[in-house]
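Shown next, in structure tokens, is the structure this report addresses.
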Amino acid sequence: MAFELPALPYAHDALEPYMGRETLELHHGKHHNAYVTTLNNLVEGTEMAKKSLDEVVVEGFKAGNQGLVNQAGQHWNHSLFWPIMKKDAGEPQGELRRRIEHDFGSVDKMKETFKATAVGQFGSGWGWLVLDGDKLDVMKTPNGENPLMHGKTPLMGIDVWEHAYYLDYRNRRPDYVQAWLDHLVNWEEVEKRLR
Ligand code: MN3
């Protein structure tokens, strides 16, 4: 079965003013959709067409297949990105909070490290909160790469390609990352991924 664009789990204006309607319409409807279409064209008639997206991501990376790294990676990354956003969903709670406080010292300290990492990604890419063994950590990846390719489990990730923020924040990536951490993370959904 071909890969499919997942539906956005909220209305296009649900994240305003932190992420505007036009950004979501273009980002989900055009950018993510194009990754899915190109991925399907790439795997058509190959062994990869029968595999799960996780398998295509990891095996494409291991094989040094840059086309699969880009397209399968971006399909995977955006499929994580939409559901882990929700406007003003508070702060991390429960087990997620305990783990953050244990591994970073505090939620603020984690946000600070995450922000510096995401802002520090040179050019297009992603900033991540990951599970590395049994420890939480922060990392960045270029373009369509993701932590699965590096043996880590992504819990949340922010898209820092310019198409993710330019309409709302122009060139101010630090403002976008800060607003995302303070207003757009669906911490309950992130905690689900931890379990
Ligand atoms: Mn994107």
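Within segment 172-195, residues that are in contact (Cβ under 8 Å) with a residue 60 or more places away in the chain reach partners that are part of a helix (DSSP H, G or I) and basic (K, R) with beta carbons closer than 6 Å, at six or more positions or on different chains, in the pairs V177/K115; L181/K111.
Here F114 does not qualify as under 21 Å from E189 (Cβ atoms) and surrounded by fewer than 20 Cβ atoms within 10 Å (Cβ to Cβ). Residue check: H75 meets all listed conditions (1) of a type outside the set (S, T, Y); (2) more than 15 Å from the ligand (Cβ to nearest atom); (3) open to solvent by less than 20 Å² (accessible area, probe 1.4 Å) but one, namely (2). Taking segment 59-72 as the range and being open to solvent by less than 40 Å² (accessible area, probe 1.4 Å) and more than 16 Å from the ligand (Cβ to nearest atom) as the test, the residues that pass are G60, G67, L68.
Restricting attention to segment 106-165 and to residues that are part of a strand (DSSP E or B), free of Cβ contacts under 8 Å to residues at least 40 places away in the same chain and touching an Asp or Glu at 6+ places or on another chain (Cβ under 7 Å), the residue that is nearest to N65 (Cα to Cα) turns out to be V130.
Please name all residue pairs, on different chains or six or more residues apart, with Cβ atoms under 7 Å, provided the first residue is in segment 26-41 and is within 12 Å of the ligand (Cβ to nearest atom) and the second residue is of a type in the set (S, T, N, Q). Note: pairs meeting the criteria are Y35/Q71; Y35/Q74. Selection within segment 42-58: residues that are crowded, with 16+ Cβ neighbours inside 10 Å and more than 18 Å from the chain's Cα centre (by Cα). The member of this set that is nearest to the ligand (Cβ to nearest atom) is L42. Of all residues in segment 148-169, those satisfying the criterion of being buried (at least 16 other Cβ atoms within 10 Å of the Cβ), more than 17 Å from E191 (Cβ to Cβ) and away from the ligand (no atom under 16 Å from the Cβ) are L148, M149, K152. Reported count of residues in segment 78-100, each being more than 16 Å from the ligand (Cβ to nearest atom) and buried (at least 19 other Cβ atoms within 10 Å of the Cβ), is 4.
The values are calculated or read from the model by the stated rules, or taken from the named source; none is laboratory data. Predicted model, so just to flag it, every value in this text is computed and none were measured. Here Cβ is always computed from backbone atoms with ideal geometry, including for glycine, and neighbour counts include all displayed protein chains. Accessible surface is based on the protein model in full, side chains and every heavy atom, while ligands, DNA and RNA are left aside. Shrake-Rupley method; radii C 1.70, N 1.55, O 1.52, S 1.80 Å.
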